[in-house]
1. Is there any pair linking a residue in segment 36-57 that is more than 15 Å from D136 (Cα to Cα) to one that is open to solvent by less than 20 Å² (accessible area, probe 1.4 Å) and among the polar types (S, T, N, Q), with Cβ under 6 Å and at least six apart or on different chains, and which?
2. Quick check on this structure: which one of I216, I254, I248 is touching a Leu at 6+ places or on another chain (Cβ under 7 Å) and within 28 Å of L49 (Cα to Cα)?
3. Please go through segment 70-118 and give me each residue that is at pLDDT below 70 and touching a strand residue (DSSP E or B) at 6+ places or on another chain (Cβ under 8 Å), ordered by number.
4. Take the residues in segment 37-54 that are open to solvent by less than 20 Å² (accessible area, probe 1.4 Å) and of a type in the set (G, A, S), then tell me which one is modelled with the lowest pLDDT.
5. Taking segment 186-195 as the region of interest, how many residues are on the phi < 0 side of the Ramachandran plot and in contact (Cβ under 8 Å) with a residue 40 or more places away in the chain?
6. Please determine whether any residue of segment 192-205 is closer than 30 Å to M1 by Cβ and at pLDDT 90 or above.
7. Give the residues of segment 11-36 that are open to solvent by 10 Å² or more (accessible area, probe 1.4 Å), among the aliphatic types (A, V, I, L, M) and not in a helix (DSSP H, G or I), sorted by residue number.
Amino acid sequence: MAFVLAFSGKGGTGKTTLAGLTIRYIIEKKKLPVLAVDADSNNCLNEVLGVDVHATVGKLREESLQVIRSGAERPGGMSMEQIFDYQVQQSLIESKGFDLMVMGRPEGPGCYCAANNIIRKYTDQLSETYPYVVIDNEAGMEHLSRRTTHKVNILLIISDPTVRGIRTAKRIDGLVDELHLEIDRRVVIINRAADNDSLGLKRRAEEEGLPIAGIIPHDPVIAYFDLQGKPVFQMSHDSEAIQALFSILDSLHIP
């Protein structure tokens with residue numbers, strides 16, 4: 001069974017970039033393949049990883065529903081579930097060291113519950129064939145209430161260097177308890193912090209009872225790569241943010 005790391009946090013904290021860098025960390029340090037899951041309807045993990053998306057789970061679901069509504073003949077007498085299983089397997093984006101599954105935005109009307117359930121189902125299934133899974137969740141807490149994040153070894157809650165970010169991290173931490181989610185450990189990482197912010201923010205988080213795994217400094221290299229849409233694999237190891245994150249991940253003793 002895979003070791004699962006999931007990322008959460010409010011919008012604008014840089015969690016998708018950190019998720020991408022965590023995938024890079026596992027590939028470089030562990031020398032083993034990763035299943036990357038972009039569980040955000042506004043998918044952009046592929047850009048951080050430097051790959052193109054040719055299909056999303058949301059789009060595949062809409063196409064399957066259209067086939068059902070049209071009454072079209074199904075190939076080989078396959079059930080709709082069998083066809084969809086095959087399509088999801090084919091939608092995996094393969095790259096060096098990782099495969100990527102993308103939820104995407106459903107094209108038709110309705111809520112995301114069905115797409116979320118599909119992501120959960122296939123993440124569970126595929127996690128049996130990968131040693132590591134890294135899930136980039138949508139911003140906020142909806143993914144928790146919809147239970148797309150479950151059976152997780154480490155939940156990394158990302159906060160920006162603000163009191164509001166710390167408060168959001170506290171609410172996410174509390175919701176995990178409220179929903180009795182299957183999460184072994186949860187830690188908070190404060191991202192993009194200036195030197196003079198670090199101690200005060202860490203103290204505030206500790207007062208809230210939050211387990212702080214570490215603080216990542218503001219790094220203009222990360223900001224430049226985000227602005228240019230360049231993949232994290234092209235960043236130099238000299239980046240302060242990369243060094244800080246890799247040190248945090250080392251401290252978490254990922255097997």
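1. Within 6 Å, the pairs are V53/N46; A55/S91.
2. It is I216.
3. Matches in segment 70-118: N116 only.
4. S41
5. 3
6. Within segment 192-205, none of the residues are closer than 30 Å to M1 by Cβ and at pLDDT 90 or above.
7. L32
The values are calculated or read from the model by the stated rules, or taken from the named source; none is laboratory data. Quick caveat, the model's predicted, so the values are computed rather than measured. All Cβ positions, glycine included, derive from the backbone under ideal geometry; neighbour counts span all protein chains shown. Surface accessibility is based on the protein's heavy atoms, side chains included, excluding ligands, DNA and RNA. Shrake-Rupley method; radii C 1.70, N 1.55, O 1.52, S 1.80 Å.
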